[in-house]
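For reference, the structure is listed below as structure tokens.
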Amino acid sequence: MTTSTPNTLIDQLNWRYATKVFDPARKIPADLWQELESALILTPSSFGLQPYKFVVVTDPALKAKLRPASWNQGQVEDCSHLVVFLAQDDMSEANIDEYLARIAEVRGVSTESLAGYRSFMVGDLVQGARHAVIQEWAARQSYIALGNFMTSAAVLGVDTCPMEGLVPAQYDEILGLTGSGYHTVCACPAGYRSESDKYATLPKVRYAKERLIINR
């Protein structure tokens, strides 16, 4: 198995930045994009439930419609691929049973053997206090996916720009999400930086390690 060296990882994380201007002429190759989609699918989530979906927008007309709902930020139109991160509206016993059926299918076990796990998840997410804030819980899982996507993209030399500067309700309407059981949380344009983006060469500003890391 081939792995990146620590230096490679840090070099790429230093290379990445929130890209303000994308080169609209450069598109992410199909095979590379498939890798990034796989990275999204492999994102870890609480209980493994994956209470999110990802809308990948490449249609120029649709990106143009989304731009006004994105505080008119040009990255939405000029990027190669726009990923919209959705969170699940609710969590039910049926959702949990669907996931348990998937575990049984992939791992070759019976759903009956997972009864204890089912009881624990139902007690926490459906019947427990967490259900009152289930949309916030699901949104946090979406942000884990966002972070995983940006890091994966950086390692592969793809630029990204995490974006909360949008109107979720308008995104939901434009993307036809009403009644789907999912809602927009954030978005992330991906592609390749333009040579005209002045932010690409600015030094990265972070606090010193001693300011942020506490060792015990």
Counting only residues in the range 1-42 that are over 21 Å from Thr58 (Cβ atoms) and hydroxyl-bearing (Ser, Thr, Tyr), the one modelled with the highest pLDDT is identified as Tyr17
Extreme residue, surrounded by the most Cβ atoms within 10 Å (Cβ to Cβ), among residues of the range 25-42 that are under 18 Å from Pro189 (Cα atoms) and either in contact (Cβ under 8 Å) with a residue 60 or more places away in the chain or in contact with a Cys (Cβ under 8 Å, 6 or more places away or on another chain) (or both)
Ile28
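Kindly indicate whether Leu125 is part of a helix (DSSP H, G or I), closer than 30 Å to Leu32 by Cβ and not hydroxyl-bearing (Ser, Thr, Tyr).
Details: part of a helix (DSSP H, G or I): yes; closer than 30 Å to Leu32 by Cβ: no; not hydroxyl-bearing (Ser, Thr, Tyr): yes.
No.
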Considering only residues that are within 29 Å of Tyr17 (Cβ to Cβ) and over 12 Å from the mean Cα position of the chain (by Cα), which ones fall in the range 173-191?
Ile174, Leu175, His183, Gly191
Residues of the range 76-101 being surrounded by 13 or more Cβ atoms within 10 Å (Cβ to Cβ) and either assigned to a helix (DSSP H, G or I) or polar (S, T, N, Q) (or both), which ones?
Val76, Glu77, Asp78, Ser80, Gln88, Ser92, Glu93, Asn95, Ile96, Asp97, Tyr99, Leu100
If a residue must be outside any helix (DSSP H, G or I), of a type in the set (Val, Ile, Thr) and under 18 Å from Ala154 (Cβ atoms), how many such residues does the range 178-206 contain?
1
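Among the residues of the range 166-182, is there at least one that is under 17 Å from Glu37 (Cβ atoms) and crowded, with 19+ Cβ neighbours inside 10 Å? Write out each step before concluding.
Of all residues in the range 166-182, those under 17 Å from Glu37 (Cβ atoms) come to none.
No; the residues of the range 166-182 include none that is under 17 Å from Glu37 (Cβ atoms) and crowded, with 19+ Cβ neighbours inside 10 Å.
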Those residues that are surrounded by 18 or more Cβ atoms within 10 Å (Cβ to Cβ) and either in a strand (DSSP E or B) or acidic (Asp, Glu) (or both), I need them from the range 143-165; list them, please.
Asp159, Thr160, Met163
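The values are calculated or read from the model by the stated rules, or taken from the named source; none is laboratory data. The model shown is predicted, which means the values in this text are computed figures rather than measured ones. Cβ sites come from the backbone with ideal geometry, for glycine too, and all protein chains shown count toward neighbours.
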